[in-house]
Amino acid sequence: MCGIIGFVGKEPAAPILLDGLARMEYRGYDSAGVAVRSETAGLQIRKTKGRLQVLSDLIHGGADLDGSLGIGHTRWATHGEPNDINAHPHVSENGRIALVHNGIIENYMELKEHLMRQGVHFTSDTDTEVVAQLLEFHYNECHNMLEAVGRCLRRIEGSYAFGIICADYPNALIAARKDSPLIIGYGKNGNFIASDVTAIIKYTRDVAYMDDGEIAVLTADSVDVFDDEMSPVEKAHSTIDWDVSAAEKGGYAHFMAKEIMEQPEAIRKTVSPRIRDGRVVLDDLHLPEEYVRGLSRIFVIACGSSYHVGVVSKYIWEKLLRRPVEVVLASEFRYSDPLVDERTLVIVISQSGETLDTMAAMREAKRRGGRTLAIVNVVGSSIAREADDVLYTWAGPEIAVATTKAYSTQLVLMDLVGLYLAEKLGTVAEDEYEAILSEMQLLPDKMQRFLDHTEDIQYFASRYFNHGSVFFIGRNLDYAMGLEGSLKLKEISYIHSEAYASGELKHGTISLIESGTLVVALGTYAPLFDKAMSNVVEVKARGAEVLALTTEDFREKMEKTADATIAVPVTHPLLQPSLGVVPLQLFAYYVALQRGCDIDKPRNLAKSVTVE
Ligand code: AGP
């Protein structure tokens, strides 16, 4: 969501605004801008699409803009696509009022049409510009900025946190708030407004939280707050005393956001120690070669996202090992009278290592003579201690209930074990072995390259967050990856969704596709891309809105048909889900953010399910 900062004081505003915006980057954004009032140049507006660095470079770190009164904004597009014109601040037609906004003006079209009938010209597609023009309209009526703000707020419907400056008021920063958070910061050399504390904690810990309907007028030496009746309000001050857990977020709004961004490093830590001289080396795995060659079957048992890792790995392992791999939900396995004997290898995947269903299934497998290998993230956990062998994912502590980096490191570790077993079985060609290993070592950099540009996903999330149900469709590895994308969306945004084998749609479920149904079409597995395209056409023909996920080399082709397209870098086809899952995690995150969900602690869920 958008980030706002404002400053009025005794030192240059522009560097402070840029610094504050940088501390709010974790909120996600697609463009950024500042407005600074200059004694000589009036309102100086600078705004750009893209990363904050682009803006900072444009104004040389703020040095180009003189003045000690200003507002800054990082935008997360809701109305109007990400571009320079739609970026904030927005300015009134006469250029004398600048405004930044976090929220949504529900009746902006009605107001826009009214103003256009008054001869006002608009430049952007945003709801926010309407407020800038409305402010000028009312300011021209009453010639008093505070009164103009009051009149304006009485006419708009929706949510807002506003930062406002006017060329005619050289010492005043005006703020207003309804539904979107806005904080007042009391500093030594000036006063602040901000969307959250991270933006200003460097300058002050003395803050007050604006309440709905309030308007604040800040100068370098004073802060006056009024309620919606324009009666003065005495605000209680708070001192920010950040608790350790908040600090562990490293400035991210949620642990989930932090852990999504940590994935390249987590994968690097999990993979690198297990590749030596071009070979997979698993020192902690004690499977004699004759045991591996004598394997009669392989089970993978797990729950939730860990189970989804098993489904992806099934496709990969069966290609590499040419042996049947059966993936079973742990809660089903234990009551299914499973066919396990001494020649059965049972892979047990669990981030927490404490999931009761998985623990019980593993015990049942051991009781029937199977050999158990656990893939676990928590060192010394119960499953790790009881399995015959354990390989740890080095993802580091994962706090968010919705797993991301643990899923990703489980997946690459399963890739490594698959290559290791295939080499022992002699079922993988040397060039294929080397190609996979080579690409595996490039995954972190390719993933980072994608994570550096997530603006489009934020934008798509702001377009699609209100859908009541979502289909994730794909084939083969895309289908398997879609299971995780669907669960991520369900568990943190509470939107019902379903992952469906796209070839199976026509056998019944396609009857649910109607005009406007959101379908996330997964087409990253290159060997079946044409099939994925035909399924996009199939659902489009029935009115679906298609958000497609593909690889960079197929983006252009997909864009011709899909309504929106996300593309990830190309890697080895068997490793493609490791990259494709990241946009699905981000999509779920940004949708949940839009919906105001408790992202790190979704309702009804626990990080470790230690009950049956
Ligand atoms: C993942 O986002 C979920 N929180 C949940 O499905 C989880 O994967 C499942 O409970 C298994 O947990 P484990 O990996 O710790 O065994």
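The values are calculated or read from the model by the stated rules, or taken from the named source; none is laboratory data. Given the structure is predicted, the values throughout are model-derived calculations rather than measurements. Note: ideal-geometry Cβ built from the backbone for every residue, glycine included; neighbour counts use all protein chains shown. Areas reflect the complete protein model, heavy atoms only, side chains present, ligands, DNA and RNA absent. Shrake-Rupley method; radii C 1.70, N 1.55, O 1.52, S 1.80 Å.
Tabulated data for the structure shown
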| read-out | value |
| --- | --- |
| Convex hull per residue volume in Å³, alpha carbons only, for segment 1-114 | 96 Å³ |
| Inter-label distance for Thr561 and Leu512, nm, one decimal - labels placed 7 Å from Cα along Cα-to-Cβ | 2.2 nm |
| Full-stretch length increase - Asn171, Arg363 - with 0.36 nm per residue and alpha-carbon distance subtracted | 62.0 nm |
| Estimated distance in nm for a label pair at Val281 and Leu425, the labels positioned 7 Å out from Cα along Cα-to-Cβ | 2.5 nm |
| Per residue solvent-accessible surface (Å²) - segment 559-612, probe of 1.4 Å | 37 Å² |
| Angle between the chain longest axis and helix 128-142 axis [Cα atoms, degrees, rounded to 10] | 10 degrees |
| Estimated distance in nm for a label pair at His143 and Leu356, the labels positioned 7 Å out from Cα along Cα-to-Cβ | 7.5 nm |
| Alpha-carbon centroid distance for the pair segment 366-427 / segment 539-612, whole angstrom | 24 Å |
| The chain, dipole about Cα centre (Lys/Arg Cβ +1, Asp/Glu Cβ -1), debye to the nearest 20 | 1120 debye |
| Segment Thr40-Asn466, extension gain: residue separation times 0.36 nm, minus the distance between their alpha carbons | 148.8 nm |
| Packing-based ranking, highest mean first, of 362-374, 466-478 given that Cβ atoms within 10 Å are counted | 466-478, 362-374 |
| Relative contact order (%) - criterion: Cα under 8 Å, at least six apart; region: the chain | 11 percent |
| Whole-Å semi-axes of the chain's equivalent ellipsoid (Cα gyration tensor) | 52, 25, 21 |
| Sorted peptide list for 276-288, 499-511, 256-268, criterion being average Cβ within 10 angstrom, highest first | 256-268, 499-511, 276-288 |
| Cα-based convex hull, segment 102-175, per residue volume (Å³, whole number) | 90 Å³ |
| Relative contact order %, segment 223-375, counting alpha carbon pairs below 8 Å whose residues are six or more apart | 18 percent |
| Around Ile513: net Lys/Arg minus Asp/Glu count, Cβ-Cβ under 9 Å | -1 |
| Cα-based radius of gyration of segment 397-444 once divided by 2.2 N^0.38 Å, which approximates compact folds | 1.40 |
| Where N is the number of residues in segment 287-403, Cα Rg divided by 2.2 N^0.38 Å | 1.00 |
| Rounded accessible area of Cys142 (nearest 10 Å², 1.4 Å probe) | 30 Å² |
| Acute angle (nearest 10 degrees) that the helix 430-451 long axis makes with the longest principal axis of the chain, alpha-carbon atoms | 20 degrees |
| Over segment 129-245, volume per residue of the alpha carbon convex hull, in Å³ | 114 Å³ |
| Sequence of Thr40, Thr344 from largest to smallest accessible area, 1.4 Å probe | Thr40, Thr344 |
| Cut-off 14 Å (backbone N to label point 7 Å along Cα→Cβ of Asp341), residues of segment 363-393 | 368-371 |
